[in-house]
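In what follows, a structure is listed as structure tokens, so that the remarks can point back to it.
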Amino acid sequence: YCAKSEMTGVALYDGEKDPHSPQRLSLINELGRAIRDDQLCLHFQPKIELHGQRCYGLEALLRWQHPTLGMISPADFIPIAEATNLIHPLTHWVLKQSIATCCEWHSAGFPLSVAVNLSARNLMDDTLPRQVELLLEEFGLPHWALELEITESSIMTDPRRAMTNLERLHALGICLSIDDFGTGYSSLAYLKRLPVQTLKIDFSFVRQMLDDEQDEIIVKSTIHLAHNLGLNVVAEGVESEALLRRLQALDCDLAQGYHIGRPMPQAALETWLTDSRWVERPCAARHS
Ligand code: C2E
Ligand code: MG
Ligand code: MG
Ligand code: MG
């Protein structure tokens, strides 16, 4: 559990990586309680269509409001949940909350989709497709309005099993997308067979593509690859208008990033939906 610093050559103990560290054990206990005690909440980040220039849907991003440590990032506690069985109740909570909130948007006249992130362990869970189906039925959300984001690496843990579960989710008529595309270990052979509709290009490629020619080539090629496979492309991490325009010129389909909208709690999102240049006034369903 020691990481050797490249700069100093000194090995530093990393409590986060040690499954037995007191720090980590206490977070495991507290995370279980957080789920029961309502310390978790979702923020929602808009995804916009670059051609229609309108909001397409929102991605649900988990936040933990810890009573003493303050806001804890999912990057810090999702790995702990994944290393324990807590990931299962956690994901169920996120799915239920996201579906319920998406129903509220629909009732308010915004027929948007909601995207939920899944972890590798979720893809190994044979009960997940049925859980998703039951939640959609319970809330009466049209199936097209739910999207699930998975990473390449999470599929590669057990490709056969992941594939079976993905096929079952796909059969429900929900959308599947590959998150952080380009950063994980997977092969194009799998990509070809996966029942996904969308690729999300990781923001490590997008962020500097105006200054870095290599990054621009990667983004451009990924857009071509996706389109040739009949997939939609989302660019993550769009932090400027110039980047947005460039992606539009490269024929990228959708974009997400701080320039368009930060992840927001439900209350702030209501204001964003009312004021943003990306949202049409409430209207009848567009997915007829
Ligand atoms: P992700 O799904 O790739 O989400 C994108 C991350 O990039 C989010 O970080 C978002 O806040 C951030 N981001 C969005 N636009 C920009 C931008 O323009 N610039 C920069 N610098 N960052 C941007 P966040 O919310 O901290 O989430 C981190 C990761 O945690 C997510 O990456 C996802 O893998 C995971 N995660 C979040 N919520 C959940 C969840 O409910 N379940 C699971 N399994 N994982 C989750
Ligand atoms: Mg995501
Ligand atoms: Mg991502
Ligand atoms: Mg990411």
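The values are calculated or read from the model by the stated rules, or taken from the named source; none is laboratory data. Nothing here was measured: the structure is a model prediction, and the numbers come from that model. For neighbour counting, all protein chains shown are included, and Cβ atoms are generated from backbone atoms with ideal geometry for every residue, glycine included. Please note that ligands, DNA and RNA were not included when accessible areas were found on the heavy atoms of the full protein model with its side chains. Shrake-Rupley method; radii C 1.70, N 1.55, O 1.52, S 1.80 Å.
Magnitude of the charge dipole for region 42-148, about its Cα centre and with charges confined to Cβ atoms of Lys, Arg (+1) and Asp, Glu (-1), is about 220 debye.
For the pair E213 and E241 in one chain, pulling the backbone fully straight at 0.36 nm per residue adds 8.2 nm over the alpha carbon distance.
For region 159-201, just say rounded, prolate or oblate: build the C-alpha gyration tensor, square-root its eigenvalues into a ≥ b ≥ c, call rounded for a/c under 1.5, and beyond that prolate if a/b exceeds b/c, oblate if not. The shape class here is oblate. Normalising the average separation of contacting C-alpha pairs (under 8 angstrom, six or more residues apart) by the number of residues puts the relative contact order of the chain at 18 percent. Over region 151-250, the Kirkwood radius and the radius of gyration, each from Cα atoms, give a ratio Rg/Rh of 1.00. What shape does region 64-219 take by its C-alpha gyration tensor, where a ≥ b ≥ c are the square roots of the eigenvalues and a/c under 1.5 counts as rounded, a/b above b/c as prolate, and the rest as oblate? Verdict is rounded for region 64-219.
Each peptide in 64-73, 108-117 receives the mean, over its residues, of other Cβ atoms within 10 Å, and ordering these scores from highest gives 108-117, 64-73. Quote the FRET efficiency, to the nearest 0.05, computed for H51 versus R168 with a Förster distance R0 of 45 Å and r equal to the Cβ-Cβ distance. Efficiency, from the Cβ-Cβ distance: 0.90.
The residues of the chain have, on average, 49 Å² of accessible surface per residue, using a 1.4 Å probe with all protein chains present. With R₀ set to 25 Å, the beta-carbon distance separating S276 from K96 gives a calculated FRET efficiency near 0.40. Under the rule that an exposed site lies in a DSSP loop and has at most 12 other Cβ atoms within 10 Å, name the longest stretch of the chain with no trypsin sites (Lys or Arg not before Pro) of that kind, not counting the sites themselves. The reported range is 1-276. For the chain, a simple Cβ point-charge model (Lys and Arg +1, Asp and Glu -1, everything else neutral) yields a dipole of about 420 debye relative to the Cα centre. The calculated FRET efficiency for H143 paired with S26, based on their beta-carbon distance and R0 = 25 Å, is about 0.05. Farthest towards the positive end of the charge dipole of the chain, among the residues S154, I217, S204, is the Cα of S154, using unit charges on the Cβ of Lys, Arg, Asp and Glu.
Under the membrane-span-like helix rule (DSSP H runs whose alpha carbons stretch at least 15 Å along the helix axis, mean Kyte-Doolittle hydropathy -0.5 or higher), the chain yields 22-36, 87-107, 128-139, 213-228.
For the chain, the share of accessible area belonging to carbon and sulfur comes to 53 percent (1.4 Å probe, ligands and nucleic acids excluded). Only helical runs count toward this figure. For the chain, summing -39,500 (n - 2.57) over DSSP H runs of n ≥ 4 and dividing by all residues gives -13000 deg cm²/dmol at 222 nm.
Look at where the Cα atoms of region 135-205 and of region 216-278 average out, and the two centres are 19 Å apart. Based on alpha carbons, the Rg and Dmax found for the chain are 19.4, 62 Å.
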